[in-house]
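Engineer: Right, I'll just put the structure down here and ask away after.
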Amino acid sequence: MESEARLIIASGEQSPDLYYRTGFLTPDPYIYAEIGNESFMLLSDLERDRARKEGKATHILSTSEWEEQARKEGKRGLSAIAALFLKSRGISTLTVPYDFPFGLAKSLLSEGFSVSPAEGSFTPQRALKSREEADKIRKVQEGVEQALRTVSGLLRKSTVRDGWIYLEGLRLTSEKVKFVLKEELLGHDLIGQHTIVAGGEQACDPHNEGSGPLPAHLPIVFDIFPFSEKTRYFADMTRTLFKGAVASRHRDLYEAVLSAQERAIAKAAPGVDSSLLHQAVEERFAELGYTTGEVEGRMEGFFHGTGHGVGLEIHEAPRVGKTGVPLLPGHVITVEPGLYYPRLSGGVRIEDMLYITPSGAENLTTYPKDWSSVAIP
């Protein structure tokens, strides 16, 4: 009999590892254990029948039996139920996710279990996406692109006055655009949170979500990264658009980022260390004379990683930065170089998603990046 188990106590909506293993979404936590070649889901009677239809575990059990026993022993909660179940299976050693709740771990320790966090990812296989998973990500991306096309249409209908963008007589704001994006995404069953619509100097802070009136003539960064309410997979795209007359320094900034991104994308292939994509971006910026460093207390230039994995989390393995890993068929990564210069009141970032295949890389992003598509008169 096995003496070790891998254990998750979480909700399907909060734990990508749990959802990946079971395919079962719940707002409330439940118990999942892997023992040898078997897997067990322990749920309340409320969820058990649905889990039998939708869940992927080899055994789907009710917590009722164990809950009654725990109550007789003066104990309560999922940790007590898990302890009784695991002891009945002869388990004494547990491996849990690195972010397993401390309170639950403490309770299990008090029951005599050895509890250790997993080294690295609890489910490393999540980094390698099947064709079906890549198609789910691409489906989300289709909604993202349609949402930005709608916003691009608004910019084309808008006018410029006194350095600001006006739509139907009112200044167009970041908040208004984010509302339109959210509405469009919802129409595709996508949930968009913390969407970035940042113009001018706000765009020089890569994680500034943007607020207030949007400036004309300056770069406006749109970073859109929703997840599907149905499949839970994310997509991630950034485009930088302009409305009005664009100064040559800002067009040069845009063309520099685009050329760096193209150089990095050209390197993406199985067996290539992901750090080489980042290196390609840095080298291209250096060739064009764009420096990175702190000026008057603010960072400027290119000061973030080139990309990251995308899947059931918006940021997951593998990393694409100064340190990396060999790219493998199945990886879905972003390539998102940027340049940010507060002194120029301009920040530019362009982001695509790539699916690494056995022979190269497939770009899952089709929204255009050419100058005529992003510079809106």
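The values are calculated or read from the model by the stated rules, or taken from the named source; none is laboratory data. As the structure is a computational prediction, the values presented were derived from the model and not from experiment. Note that each Cβ is placed from the backbone with ideal geometry, even for glycine, and that neighbours are counted across all protein chains shown.
Engineer: Suppose the filter is within 28 Å of E316 (Cβ to Cβ) and either surrounded by 18 or more Cβ atoms within 10 Å (Cβ to Cβ) or without any contact (Cβ under 8 Å) to a residue 12 or more places away in the chain (or both); does A57 pass it?
Structural biologist: Taking the combined requirement at face value, the residue satisfies it.
Engineer: Could you please find all residues in the range 32-62 being of a type in the set (K, R) and either within 16 Å of A82 (Cβ to Cβ) or out of contact with any helix residue (DSSP H, G or I) (no Cβ under 6 Å at 6 or more places or on another chain) (or both)?
Structural biologist: R48, R50, R52, K53, listed by residue number.
Engineer: So which residues in the range 344-377 are β-branched (V, I, T), more than 24 Å from D205 (Cα to Cα) and assigned to a strand (DSSP E or B)?
Structural biologist: Result: I356, T357.
Engineer: Still on this structure, I have one more. Can we say T357 is under 22 Å from E255 (Cα atoms), touching a residue at least 40 places away in the same chain (Cβ under 8 Å) and surrounded by fewer than 22 Cβ atoms within 10 Å (Cβ to Cβ)?
Structural biologist: no
Engineer: Limited to the range 250-305, what total is found for residues that are charged (D, E, K, R), under 26 Å from E362 (Cα atoms), surrounded by 15 or more Cβ atoms within 10 Å (Cβ to Cβ) and out of contact with any helix residue (DSSP H, G or I) (no Cβ under 6 Å at 6 or more places or on another chain)?
Structural biologist: Summing the residues that are charged (D, E, K, R), under 26 Å from E362 (Cα atoms), surrounded by 15 or more Cβ atoms within 10 Å (Cβ to Cβ) and out of contact with any helix residue (DSSP H, G or I) (no Cβ under 6 Å at 6 or more places or on another chain) in the range 250-305 gives 3.
Engineer: How do the pairs read when you match residues in the range 203-224 that are within 14 Å of L339 (Cβ to Cβ) and in the same structural domain as G143 (by TED's automatic domain parsing) with residues anywhere that are buried (at least 22 other Cβ atoms within 10 Å of the Cβ) and of a type in the set (S, T, Y), using Cβ under 6 Å and keeping only pairs 6 or more apart or on different chains?
Structural biologist: From the range 203-224, the pairs are C204/Y340; P219/T240; V221/T240.
Engineer: Looking only at residues in the range 1-24 that are at pLDDT below 95 and under 20 Å from K53 (Cα atoms), which one is farthest from the chain's Cα centre (by Cα)?
Structural biologist: Filtering the range 1-24 for residues that are at pLDDT below 95 and under 20 Å from K53 (Cα atoms), the one farthest from the chain's Cα centre (by Cα) comes out as G12.
Engineer: Among the helices (runs of 4 or more DSSP H) lying completely within the range 71-162, list those that include at least 2 residues that are closer than 30 Å to A375 by Cβ.
Structural biologist: The helices (runs of 4 or more DSSP H) meeting that bar are 131-157.
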